[in-house]
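Written below as structure tokens is the structure these notes are about.
The values are calculated or read from the model by the stated rules, or taken from the named source; none is laboratory data. Small disclaimer: the values here were computed from a predicted structure and weren't measured. Here the Cβ positions follow ideal geometry from the backbone for every residue, glycine too, while neighbour counts run over all protein chains shown. In case anyone asks, the SASA skips ligands and DNA or RNA and just uses the protein heavy atoms, side chains included. Shrake-Rupley method; radii C 1.70, N 1.55, O 1.52, S 1.80 Å.
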Amino acid sequence: MSHTNTMPMTIREWQKMFNKIYGKNNKELTDADAWIQFMEETGEFAKIMRKQNYAGLGDGLADLFAWLCAFADHRAIDIEDALWRKYPRICPYCEKHMNCVCIAETQHAIYDEGAISHYIANIDNRPKTFSEWYAMFKDIYGNMNRVISRESIGFHLIEEVGQVARKIRAKKPDEYALEMADVFAWLIAVTMKFEGQIASLDTLTWEIYPGICKECEEPECICLRNHRKPK
């Protein structure tokens with residue numbers, strides 16, 4: 001079976017690609033099962049950060065993005081839509097377009113979608129490609145990410161993963177999307193922190209998942225059919 005030879009340009013295209021590869025295998029998963037897979041990969045990420053052995057960081061981030069897309073497809077969540085609801089080219093708390101320093105403050109404003117609805121309505125301002133989303137987050141948070149530690153950024157990512165798990169346990173699927181937007185934002189923050197040492201998240205992911213399963217190397221994964229457990 002043929003597969004695309006071109007790296008997806010948008011987050012939505014990445015979701016479609018991963019759904020083609022793994023959708024059949026993942027459709028029987030419960031929400032908890034699917035997110036546990038993501039949490040397993042988060043554990044691998046935490047191990048890399050703790051040991052400061054960053055050789056496997058690129059692979060780890062690619063796996064996290066793959067499972068984020070898989071969970072989003074499982075719940076019919078469009079990650080781009082979720083991102084724009086939460087980050088309509090501003091920090092949703094201080095409403096700054098550039099150089100947010102919210103993370104350095106002891107108290108944060110509470111997210112209020114209604115208060116930023118006029119930004120969300122300006123869809124012409126919405127990023128289109130993966131690189132445009134990256135550039136947007138760099139404008140908003142790039143300066144702050146440069147001064148906070150790698151460990152702090154990693155802990156923030158892990159914290160947001162836990163927030164999604166909390167929504168799953170509380171059976172609040174309507175609240176998954178905005179929490180997943182935060183997970184993606186912190187994935188970008190990690191790659192931003194290691195800029196110059198690792199490639200961008202989309203490039204990293206394409207190196208591991210070039211339109212095929214990384215284990216069976218098929219455009220539609222047959223690992224489960226062959227009773228092979230993915231690594």
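Here's a check for you: in the range 124-171, which residue that is β-branched (Val, Ile, Thr) and over 15 Å from the mean Cα position of the chain (by Cα) is least open to solvent (accessible area, probe 1.4 Å)? Walk me through how you get there before you give the answer.
Residues of the range 124-171 that are β-branched (Val, Ile, Thr), as a first pass: 129, 140, 147-148, 153, 158, 161, 164, 168.
Checking which are over 15 Å from the mean Cα position of the chain (by Cα) leaves us with 140, 147-148, 168.
Details: Ile140: 0, Val147: 111, Ile148: 25, Ile168: 24 Å².
Checking each candidate, the answer is Ile140.
Cβ separations smaller than 8 Å between residues 6+ apart or across chains give the following pairs from the range 105-130 residues that are farther than 24 Å from Gln15 by Cα and small (Gly, Ala, Ser) to residues that are outside any helix (DSSP H, G or I) and open to solvent by 60 Å² or more (accessible area, probe 1.4 Å): Ala109/Tyr93.
Looking only at the range 128-150, count every residue that is in a helix (DSSP H, G or I) and within 24 Å of Met49 (Cα to Cα) and tell me the total. Break it down into steps so the answer makes sense when it comes.
Going through the range 128-150, the residues in a helix (DSSP H, G or I) turn out to be 130-147, 150.
Keeping just the survivors that are within 24 Å of Met49 (Cα to Cα) gives 134, 137-138, 141-147, 150.
Selection size over the range 128-150: 11.
The residue that is surrounded by the most Cβ atoms within 10 Å (Cβ to Cβ), among those in the range 1-36 that are closer than 11 Å to Ala70 by Cβ, of a type in the set (S, T, N, Q) and modelled with pLDDT under 95, is Asn26. Residues in the range 46-58: is at least one touching an Asp or Glu at 6+ places or on another chain (Cβ under 8 Å), surrounded by 13 or more Cβ atoms within 10 Å (Cβ to Cβ) and within 23 Å of Tyr176 (Cα to Cα)? No, that holds for no residue.
Matching residues to (1) within 14 Å of Cys69 (Cβ to Cβ); (2) assigned to a loop (DSSP other than H, G, I, E, B); (3) at pLDDT 95 or above:
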site: Lys167; (1), (2), (3): no, no, yes
site: Met180; (1), (2), (3): yes, no, yes
site: Thr191; (1), (2), (3): no, no, yes
site: Asp202; (1), (2), (3): yes, no, yes
site: His227; (1), (2), (3): no, yes, no
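Evaluate the range 82-105: report whether one residue or more is in a loop (DSSP other than H, G, I, E, B), surrounded by 14 or more Cβ atoms within 10 Å (Cβ to Cβ) and among the charged types (D, E, K, R). So far as the range 82-105 goes, yes, one or more of its residues are in a loop (DSSP other than H, G, I, E, B), surrounded by 14 or more Cβ atoms within 10 Å (Cβ to Cβ) and among the charged types (D, E, K, R).
Beta carbons closer than 7 Å, at least 6 apart along the sequence or on distinct chains, pair a first residue in the range 70-81 that is closer than 16 Å to Ala32 by Cα with a second that is in a loop (DSSP other than H, G, I, E, B) for His74/Leu29. Scanning the range 114-123 for residues that are surrounded by fewer than 16 Cβ atoms within 10 Å (Cβ to Cβ) and either in contact with a Pro (Cβ under 8 Å, 6 or more places away or on another chain) or within 11 Å of Arg89 (Cα to Cα) (or both) yields Asn122, Ile123.
Scanning the range 4-52 for residues that are of a type in the set (Val, Ile, Thr) and not in a helix (DSSP H, G or I), we see that the one that is farthest from His74 (Cα to Cα) is Thr6.
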